[in-house]
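Participant: Please see the structure below; I have some questions.
The values are calculated or read from the model by the stated rules, or taken from the named source; none is laboratory data. What you see is a predicted model; the values in this text were computed from it and never measured. Heads up, the Cβs are rebuilt from the backbone with ideal geometry, glycines too, and the neighbour counts pull from every protein chain shown. Areas reflect the complete protein model, heavy atoms only, side chains present, ligands, DNA and RNA absent. Shrake-Rupley method; radii C 1.70, N 1.55, O 1.52, S 1.80 Å.
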Amino acid sequence: MRKVKQICMLLALFTLIAGCARPSEQAEEPKLLLGFSQLGSESAWRIGNTRDIEQKAEEYGVSLMLENANQKQENQIAAIRRFIAYKVDVIAFSPIVEEGWDNVLMEAKNAGIPVILVDRDISTENEELTACLIGADFYSEGVQAARYLIRKADSLNMDQVNIVEITGTEDSTPMRQRQAGFMDTIKNDDRMKVMESVNGDFLKSRGAECMRYLLEKYGDDIDVIFSHNDEMTLGAIPEIEDAGYTPGKDVIIISIDGGQEAIDVLKEGRINCVVECTPMLGSKLMETALKLKNGQEVEKLIHPEEKVFSDEQDLSGIEPRGY
Ligand code: AHR
């Protein structure tokens, strides 16, 4: 009987210890430590993307080490090295440009840390360096922009279409792919002529500078502006107005991203078409990082669904954009 009593007391003690430990363990122990190197804060898109990743990390119980590289590749490489030294479970990063990642990614591989590409791709011979890419289909965005332009030229009976292109950061995936998708789609249409492509680096201030330069050089001859993001478009529009032209009427304006400000300007008729590029990649990132930590298979390429907003549609029902 004494033995039974002793066993009962021991059991009660274990239950008490286990019961006490569990809630605090749950509160303190994150499911995953994720190192994320964001490339910068150049646009409303980028700021929305960072915010979404921070919010989703909290929702999924993921502990996030976030570093902002302020538009410098060397800062991203240094951040990835710090994540390796810190022994994070998974590394994610949005590469500012495509080239130059093999060495640091080999270091991550040797340390046994899986790497997720977010938003942009890298150029490498070694497919094993990264687990997957979560980001938009930039080529298709360029195709959608060009298809809109072809429809618009048809509807206006244009027999020649003079285009200027303001591109994003040189050698970045969205710059390369949006340009390729656009050019491939217009190349068999004899009306289309790209007069010049200039690099606006995805920045509003550079969009304005590029526009001033293009207006000075081509003035009246410009029929269309294909701008690789909203930020540069919003920089270019006041320059067009200052030069005495009406954006959306005298000049066809095509943009990419679909942030709130650009959608508002589209509704005013000062932009003609905005191809959506969603920055809301946080949920997919958390789900994929958790799978990798648990040794599960992940999809190699994850593209979100994206829409096209244009003056061909009723725009009154567009939901608030959140970026
Ligand atoms: O990589 C996505 C692009 O980068 C977005 O179109 C742009 O706004 C951002 O800066």
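Participant: Given Gly259, Gly317, Gly295, which one is surrounded by fewer than 23 Cβ atoms within 10 Å (Cβ to Cβ), out of contact with any His (no Cβ under 8 Å at 6 or more places or on another chain) and within 30 Å of Ser63 (Cα to Cα)?
Facilitator: Gly295
Participant: From Ile134, Ile166, Ile225, grab the single residue that is farther than 17 Å from Val251 by Cβ, open to solvent by less than 40 Å² (accessible area, probe 1.4 Å), among the β-branched types (Val, Ile, Thr) and within 16 Å of the ligand (Cβ to nearest atom).
Facilitator: Ile134
Participant: Taking the stated definitions as given, is Met175 within 13 Å of the ligand (Cβ to nearest atom), open to solvent by 10 Å² or more (accessible area, probe 1.4 Å), of a type in the set (A, V, I, L, M, F, W, C) and at pLDDT 95 or above?
Facilitator: Considered against the rule, which asks whether it is within 13 Å of the ligand (Cβ to nearest atom), open to solvent by 10 Å² or more (accessible area, probe 1.4 Å), of a type in the set (A, V, I, L, M, F, W, C) and at pLDDT 95 or above, Met175 comes out as yes.
Participant: List every residue pair whose Cβ atoms lie under 8 Å apart, where the two residues are 6 or more positions apart in sequence or sit on different chains, the first residue falls within the range 228-240 and is within 12 Å of the ligand (Cβ to nearest atom), and the second residue, located anywhere, is among the aromatic types (Phe, Trp, Tyr).
Facilitator: Short answer, once both residue conditions are applied: His228/Phe202; Asn229/Trp45; Asn229/Phe202; Asp230/Trp45; Glu231/Trp45; Glu231/Phe202; Met232/Phe202.
Participant: If you check Asp52, Asp119, which single one turns out to be at positive phi, out of contact with any strand residue (DSSP E or B) (no Cβ under 6 Å at 6 or more places or on another chain) and open to solvent by less than 40 Å² (accessible area, probe 1.4 Å)?
Facilitator: Matching residue, one of Asp52, Asp119: Asp119.
Participant: Which condition number does Gly244 fail, the rest of (1) in a loop (DSSP other than H, G, I, E, B); (2) in contact (Cβ under 8 Å) with a residue 12 or more places away in the chain; (3) away from the ligand (no atom under 16 Å from the Cβ) being met?
Facilitator: (2)
Participant: Going through the range 84-116 one residue at a time, which ones are open to solvent by 10 Å² or more (accessible area, probe 1.4 Å), among the hydrophobic types (A, V, I, L, M, F, W, C) and touching a residue at least 40 places away in the same chain (Cβ under 8 Å)?
Facilitator: Across the range 84-116, the qualifying residues are Ile96, Val97.
Participant: Go through the range 261-278 residue by residue and tally those that are among the small types (Gly, Ala, Ser) and either in a loop (DSSP other than H, G, I, E, B) or away from the ligand (no atom under 15 Å from the Cβ) (or both).
Facilitator: Number of matching residues: 1.
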